[in-house]
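*Asks:* Please see the structure below; I have some questions.
The values are calculated or read from the model by the stated rules, or taken from the named source; none is laboratory data. From a predicted model like this one, the values you see are computed outputs, not experimental measurements. Note that we place each Cβ from the backbone using ideal geometry, even for glycine, and neighbour counts take in every protein chain shown. Side chains are part of the model used for accessible areas, which takes the heavy atoms of the whole protein and leaves out ligands, DNA and RNA. Shrake-Rupley method; radii C 1.70, N 1.55, O 1.52, S 1.80 Å.
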Amino acid sequence: MRAPRWRRAFVVALPLALVSVAAPPGGAQLPGDLYQATVIVTGTDMRSRPFGFGQALRAVLVNVSGEPRLRDDPRVSALAAHADMLVASFSYVDRMAGRPVHDEQGTRDRPYNLTVRFVPARVDKALADLGQQPWRGKRPVVVPVLAVRIGVRSYLLSAENPIGAEQRAAFVEMARGYDMTVRFPTEAELAAWGIRPGRFPSLHTTTATDDAFVTGTLEFNESLPGWVGSWRWHWHGADYAWGIKGVSFDEAFRDLIRGVLRAASGHGAPD
């Protein structure tokens, strides 16, 4: 018996499609995963597919090169308009699987995860035409050492603190979008480093790994309104400082991760 439509996912392979393989246990990254991206679209027909392909291509170009600026590059907009020429295969997964279709919501209006896999050689060629190349270097694990303040309450975004659970989940999700991984420091580590709200000694003198220890503050400003993020990072002998304001904490975390991605890949200081 076929499963109801809202329970099914399907895959479409295009010419020169790559061989599909199951993800390895433990979340390990397979070679070539950088050439794949997942975006949210409405329905599974051609109304949203070209846009989805274009958005997925933007993400892949950024992740393969390590240059976040490519997402908003006007030249990439021209490429995204014809992203289907670089696609190897794509698949849909219903984000509302298992929920009955309501009278006011037809199946065409349901949200889907559209996963698009691109032909690596074609992506590399597109990057070369943009003056970029694939970044093959090791990607650092992002270790955010952040003090969060909202109203009169402030806390450290540690691995154990239940207050920051929602923000930790958002941080991990934002990092996943850039093929980066995150490790939150434990309370014991923060104490050993002398970290507390309002005090952030330089971590490059106390840590000997290649992880990206980014210190900073995240504070909600009601007058904007929105979150204000301020980040600092010492990496391979250079000091970086950047930030963002008037955004959701998801966007603030995305800004931090994009900064790490850009500097670690050798593209220069974060924007």
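*Asks:* Which of (1) within 20 Å of the chain's Cα centre (by Cα); (2) in a loop (DSSP other than H, G, I, E, B); (3) within 20 Å of Arg153 (Cα to Cα) does Gly229 not meet, given it meets every other one?
*Replies:* (2)
*Asks:* Moving on. In region 242-257, what residues are of a type in the set (Gly, Ala, Ser), loosely packed, with under 15 Cβ neighbours inside 10 Å and in a strand (DSSP E or B)?
*Replies:* The answer is Gly246, and nothing else.
*Asks:* I've got another one for you. When both residues are 6+ apart or on different chains and their Cβ atoms are under 9 Å apart, which pairs have a first residue that lies in region 76-92 and is crowded, with 21+ Cβ neighbours inside 10 Å and in a strand (DSSP E or B), and a second that is among the aromatic types (Phe, Trp, Tyr) and at pLDDT 95 or above?
*Replies:* Once the first residue is crowded, with 21+ Cβ neighbours inside 10 Å and in a strand (DSSP E or B) and sits in region 76-92, its partners that are among the aromatic types (Phe, Trp, Tyr) and at pLDDT 95 or above give Val87/Phe53; Val87/Phe118; Ala88/Tyr35; Ala88/Phe118; Phe90/Phe53.
*Asks:* For Ser223, indicate whether it is open to solvent by 70 Å² or more (accessible area, probe 1.4 Å), in a loop (DSSP other than H, G, I, E, B) and polar (S, T, N, Q).
*Replies:* yes
*Asks:* Then there is this: When region 187-197 is examined, which residues are found to be under 26 Å from the mean Cα position of the chain (by Cα) and either open to solvent by 70 Å² or more (accessible area, probe 1.4 Å) or at pLDDT 95 or above (or both)?
*Replies:* Residue satisfying the conditions is Glu187 alone.
*Asks:* Take the residues of region 226-241 that are free of Cβ contacts under 8 Å to residues at least 12 places away in the same chain and of a type outside the set (A, V, I, L, M, F, W, C): which is least open to solvent (accessible area, probe 1.4 Å)?
*Replies:* So the residue we want is Gly237.
*Asks:* Here is a further query. List the pairs whose first member sits in region 174-203 and is under 21 Å from Pro162 (Cβ atoms), whose second member is at pLDDT 90 or above and open to solvent by 70 Å² or more (accessible area, probe 1.4 Å), and whose Cβ atoms are under 6 Å apart, counting only residues at least 6 apart or on separate chains?
*Replies:* Glu187/Glu160
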